[in-house]
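J.: Below you'll find the structure I mean.
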């Protein structure tokens, strides 16, 4: 037995396996996930696992390594979030989201930091050795809403699109603020004296970290789109580039101390449109499915590790500090949302209702990011107290808030997401209004949202598409693409329906005899002669499967042909047959 | 700048990126890959890279780590090979493949080992310090044909299926023999004296290592199939299990010193059938594409690393030893193939022709496995000579044989692979003959291939399928499945053709006006009234898109509905409409 040799990959594989099996287990019974959010169940599994490890080894189980979290577990989730981000509601509410993410987070950091410092002054709590800077540092890591936790809970409660994007967008974009404040206070803690210059430099860093992240992300996104222009001879490695470039953007941003999360989101949102047009349909399915799979596994692992890491002897218990942390987190967030929304509502027609405000405040879940940050703190004598407080806040928000938010949403009758996709008519009207408003804004000289959107669209079609898209010479309007997609979908369903209708060999169709009998009565519906006629015509126009691809080729998969080629062949075939 | 922090993932990503970009580069010009095999080009890129690193740093570039190769790069390629292995030709020729893999490899090991020992006795070559055991050890690592190199070359020359499976199957299955002989001779080298018991134990190990690998693989394959029975509520993580279980089988086999390659192939071949039936169509696309992508990247990285590792100061040059190694590798393989094929042809009706024999002997390419094994050798004073000889053999086989094999195949008119897939008629006849032969064998009491296949099939449908498949109560015959698939394909093409016919908005269709004009002449082909009628009926029977899935859900993708549900709904819809 040579366990040493295979230990690293073996244990990684086993952890992933455990996570996946836990996931399957929960979903075996449909009732369980509808009551308790998956994240709670996973933390619970982690707690049990941690307990077992603690009981067997009699020492604390290994805590989640912050490097592993930030370098390997977080990027897939953020990539998935960015790639599937609905861009319209995101950009429509970008101002509000930024306000919550930047001003709201700063508000929370200083609010929590200063009020905890106040608590520390009470002599009977024995906390007088915790300085203001340490409290602010703690505030900077505990204030940020966690995208992983928010996503895990909000995707199950189906609130309306705007509310979802406000909470979720905030949790993603506050990363830039958290990074800056956390690093600022950490370096202040180690400095002998703080000059005014340092404070101003810190303020300047906000812009560098945030905008730098966007820049890095967009650059890599454009390179990714450009690369996929040239993959038409080697389709198999297409999906790779989506993952490689977005990961590179994250790592590059981290390397320059910029916001990796912002970078990867900018990269994913930037490249999506062009990559989708360049790569093949099956590659795109692979990208989508693999991204979902990967983020789902990462997310599962994070919650399990969170549970495992909770068990052990890393904690210093101090009732007042921990309780007041939880209370201040709740209060300052609620206050922040109220104040900021007041300003937001003054400038918007479509206001944020008071129910929405409540859910935004209540949905401020903390998660693995805080947890990793608190372990990254430099060693000082009260670190274990901070770890304990962070753990309690995370467990409180995920368990108590996460489990009660769904009943509250139902109780308050918060506007849910509409169940159906917009119809073609609605889409056409939305687009028409966009153009109209852009025109009005242009005439009135107001450089608003629609004006910039229109300008960007013009720049995109005039320059970007020519560089980044392979087949730019044949631009299809999106309505034609939608029509083709629907047509293809209908055709598949038609085939399935047809096959149900006229293959007597199919076992599930013995009970369709009744249909045939009733058919007699409604002769006009499916006249046998017409049917015969249809079949003849269909058969004549069917596209022959002429080409088969060699079975062993590494670069292609069996049955992979270009849709463009197929269409051309069909055209030729029709020309000759007519 | 904090490069240290992100170094590991950053460099890995950059290497993969380099490999992918190199691949794109070759395929930009279609002519290049048709003349030179990709593997040669990649090694060439590696040589240049190695030269640059050597020139800049003035020290040898890092060699490919054997652990990285065996634990991370090799498994994806073998998994891909096993999963897409055409099982019929493989099992039809399993006897011949095993003969080549086991007896042939042993023949080569001892042949090369002893004759090199003979060369070492020549005084003027200054090689008298290389013992017989070291020569045999060297023989054991240089004798094995490499699956990665074989796959890279043979998938481009499209020889007939039987020839391909003989060479490729041998290269995969000889792993068990290589592992045993290599470890045996290595331990002998370190022993003070060798007892007869050790030799017999070595012979016994063959069976343990090979059959053990098969057992481990099949066990994990069955568990994988069983697990996918329960994933219908959480489709996104389905593809994961295929990768996790096969990787676990590889690692477990390696852990117990069994043949990992054999294990992963057994696992992939065992689970494929059941997993395919259990998981959704899109999950299956993801599995297939991701496997192809991953193996393609691994293979690219291996060849680039091979090139990089060649440069440097690891080599001790000794003309006679190196030249004779190349010559003996060629001679002993040719002799082995001739002798073994003589016996094979005596027992088979469908013989291996002399042209095929030549290609089998000539296709014995060496690759990265030899290279990794030679670096794993314990340190002794002639290790650098072995490294040099291995490098030369690999480069000689990949460059000289790899580049000339395609012209030779054309020159000798070796039977190529048939271009088209077998028709439904052929498939039915093949199946009929299988049943017939199984019956004949059963009556005549001859326990041949067909008898066992029939028994296995019976066992499969009686027990295995009930345990491993989710929807066993509705078994569909494969002919019904094929029909459904064809129907669906036709429907898509029909939709595309139809869309080409009646949307004047489509830009590429302005030239189809001519079609409409000629339409008048052939009134009977597409009568407008009939067309009208058809459209009415089609429209009435179309399945309405009623359901849309929430856009943010982590566990599902937009537009993912169960085919079974769809079929049911169509049925209901038809019932109500009739």
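The values are calculated or read from the model by the stated rules, or taken from the named source; none is laboratory data. As the structure is a computational prediction, the values presented were derived from the model and not from experiment. Positions of Cβ are backbone-derived with ideal geometry, glycine not excepted, and every protein chain shown enters the neighbour counts.
J.: Any idea which residue in region B:299-320 is surrounded by the fewest Cβ atoms within 10 Å (Cβ to Cβ), counting only those that are in contact with a helix residue (DSSP H, G or I) (Cβ under 6 Å, 6 or more places away or on another chain), modelled with pLDDT of 85 or more and away from every other protein chain (no Cβ under 11 Å)?
T.: Step by step, filter region B:299-320, then rank; the result is B:320.
J.: Let me ask something else about it. What are the residue pairs meeting all of these: first residue in region A:413-434, first residue within 30 Å of residue A:458 (Cβ to Cβ), second residue in a loop (DSSP other than H, G, I, E, B), Cβ atoms under 7 Å, and 6 or more apart or on different chains?
T.: Listed by first residue and then by second, the contacts come to A:421/B:548.
J.: Taking the options A:331, A:387, A:369, A:359, name whichever one is assigned by the TED database to the domain that holds residue A:70 and in contact with a strand residue (DSSP E or B) (Cβ under 8 Å, 6 or more places away or on another chain). Full working, then the answer.
T.: On the way: A:331 fails: in contact with a strand residue (DSSP E or B) (Cβ under 8 Å, 6 or more places away or on another chain); A:387 fails: in contact with a strand residue (DSSP E or B) (Cβ under 8 Å, 6 or more places away or on another chain); A:369 fails: in contact with a strand residue (DSSP E or B) (Cβ under 8 Å, 6 or more places away or on another chain).
None of the others qualify; the one that does is A:359.
J.: Follow-up question, since we're still on this one. What tally of residues in region A:18-32 results from selecting those that are surrounded by 18 or more Cβ atoms within 10 Å (Cβ to Cβ) and touching a residue at least 40 places away in the same chain (Cβ under 8 Å)?
T.: 4
J.: Condition check: free of Cβ contacts under 8 Å to residues at least 60 places away in the same chain, over 28 Å from residue A:269 (Cα atoms) and surrounded by 21 or more Cβ atoms within 10 Å (Cβ to Cβ). Does residue A:135 satisfy that?
T.: yes
J.: Would you check if residue B:235 is within 27 Å of residue B:171 (Cβ to Cβ), at pLDDT below 90 and in contact with a helix residue (DSSP H, G or I) (Cβ under 9 Å, 6 or more places away or on another chain)? Outline the logic, then answer.
T.: Details: within 27 Å of residue B:171 (Cβ to Cβ): no; at pLDDT below 90: yes; in contact with a helix residue (DSSP H, G or I) (Cβ under 9 Å, 6 or more places away or on another chain): yes.
Considered against the rule, which asks whether it is within 27 Å of residue B:171 (Cβ to Cβ), at pLDDT below 90 and in contact with a helix residue (DSSP H, G or I) (Cβ under 9 Å, 6 or more places away or on another chain), residue B:235 comes out as no.
J.: What do you reckon, is residue B:419 farther than 30 Å from residue B:226 by Cα, at pLDDT below 85 and within 24 Å of the chain's Cα centre (by Cα)?
T.: Numbers: farther than 30 Å from residue B:226 by Cα: yes; at pLDDT below 85: yes; within 24 Å of the chain's Cα centre (by Cα): yes.
Against the criterion (farther than 30 Å from residue B:226 by Cα, at pLDDT below 85 and within 24 Å of the chain's Cα centre (by Cα)), residue B:419 qualifies.
J.: Same structure again: Could you identify the single residue in B:392, B:337, B:409, B:352 that is surrounded by 14 or more Cβ atoms within 10 Å (Cβ to Cβ) and closer than 22 Å to residue B:320 by Cα? It would help to see each step written out before you state the result.
T.: Details: B:337 fails: closer than 22 Å to residue B:320 by Cα; B:409 fails: closer than 22 Å to residue B:320 by Cα; B:352 fails: closer than 22 Å to residue B:320 by Cα.
Going through B:392, B:337, B:409, B:352 in turn, just one is surrounded by 14 or more Cβ atoms within 10 Å (Cβ to Cβ) and closer than 22 Å to residue B:320 by Cα: B:392.
J.: Still on this structure, please answer the following. Return the residues of region A:186-211 that are in contact (Cβ under 8 Å) with a residue 40 or more places away in the chain, in contact with a helix residue (DSSP H, G or I) (Cβ under 6 Å, 6 or more places away or on another chain) and farther than 24 Å from residue A:250 by Cβ; say none if nothing qualifies.
T.: Selection gives A:188, A:189.
J.: Oh, and also: I'd like to check something: does region A:270-281 contain any residue that is facing chain B (nearest Cβ under 7 Å) and under 26 Å from residue A:91 (Cβ atoms)? Working first, answer last.
T.: Taking region A:270-281 and keeping what is facing chain B (nearest Cβ under 7 Å), we get none.
No, region A:270-281 has no match at all.
J.: Here's a check for you: in region A:225-244, which residue that is over 20 Å from residue B:286 (Cβ atoms) and either in a helix (DSSP H, G or I) or within 21 Å of the chain's Cα centre (by Cα) (or both) is nearest to the other protein chains (Cβ to nearest Cβ)?
T.: Of the residues in region A:225-244, the ones over 20 Å from residue B:286 (Cβ atoms) are A:225-227, A:229-230, A:232-233.
Okay, now just the ones that are also either in a helix (DSSP H, G or I) or within 21 Å of the chain's Cα centre (by Cα) (or both), so A:225-227, A:229-230.
On the way: A:225: 14, A:226: 11, A:227: 7, A:229: 10, A:230: 5 Å.
Restricting to residues being over 20 Å from residue B:286 (Cβ atoms) and either in a helix (DSSP H, G or I) or within 21 Å of the chain's Cα centre (by Cα) (or both), the top hit is A:230.
J.: Being in a helix (DSSP H, G or I) and over 30 Å from the mean Cα position of the chain (by Cα) is the filter; apply it to region A:439-450 and report the residue that is nearest to residue A:96 (Cα to Cα). Can you show your working first?
T.: Our first condition is that a residue be in a helix (DSSP H, G or I); within region A:439-450, this holds for A:439-444, A:449-450.
Add one more test, that the residue is over 30 Å from the mean Cα position of the chain (by Cα), and what stays is A:439-444.
Numbers: A:439: 24, A:440: 23, A:441: 21, A:442: 23, A:443: 26, A:444: 24 Å.
Here the residue is A:441.
J.: Shifting gears a bit: Go over the candidates B:115, B:124 one by one and state the one that is assigned to a helix (DSSP H, G or I), in contact (Cβ under 8 Å) with a residue 60 or more places away in the chain and over 28 Å from the mean Cα position of the chain (by Cα). I'd like the intermediate steps shown before the answer.
T.: Numbers: B:124 fails: in contact (Cβ under 8 Å) with a residue 60 or more places away in the chain.
Criteria check complete, one pass: B:115.
J.: Still on this structure, please answer the following. Tally time: how many residues in region B:357-369 are at pLDDT below 90 and in a helix (DSSP H, G or I)?
T.: 2
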